[in-house]
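Heads up: the structure comes next, in structure tokens.
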């Protein structure tokens, strides 16, 4: 390929990547809000129902929304559940969102190592959206995690839940800090390369 054509192609690719940075942050922020406020809480409640459905347990479900607590569900079973089934029922929503968050965090880290920073940014927004649900249950004074502790007669350990929530908060904050620092460094290097290429090609 002719050197000039190669530089023109590199400039086009860099401009496209710059646009992808903008899109990843714009859509990522929207997705973060949608996931944390709507998708993750609804998935949480749906998984409660899914567990009861596959085990053929009759129940009634009421899903509510308010601006303080967001989407919350109230479930009533019409048959006795074993201790194990009760623990799974209570934990399936929280831990499923935690697993999804871990998957998106690991995906973002893996994608970043391949130099695809915009995709990594978007994956990180998704991860933060999904981990918000488990973190709030750790920091709350009531809810599924607290009920599990009461069910296994370990409510005296409830004071540890906020520390678990804070641990996740610190861990996520450190990851976001390092990820953001790396993203800005890559972005500014990209802008410098675009500026140099534009200057060189315009001078031709």
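The values are calculated or read from the model by the stated rules, or taken from the named source; none is laboratory data. All of these numbers come straight from a predicted model, not from anything done at the bench. Ideal geometry is used to build each Cβ from the backbone, glycine not excepted, and the neighbour counts take in all protein chains shown.
Some notes on this structure:
- In segment 135-172, the qualifying residues are those that are exposed (fewer than 12 other Cβ atoms within 10 Å of the Cβ) and assigned to a helix (DSSP H, G or I), and the one that is farthest from the chain's Cα centre (by Cα) is 156.
- Lone qualifier among 75, 87 - being touching a residue at least 24 places away in the same chain (Cβ under 8 Å), surrounded by fewer than 19 Cβ atoms within 10 Å (Cβ to Cβ), in contact with a helix residue (DSSP H, G or I) (Cβ under 8 Å, 6 or more places away or on another chain) and closer than 17 Å to residue 41 by Cα: 75
- Residues being in a helix (DSSP H, G or I) and either under 19 Å from residue 53 (Cβ atoms) or at pLDDT 95 or above (or both) - total across segment 66-93: 10
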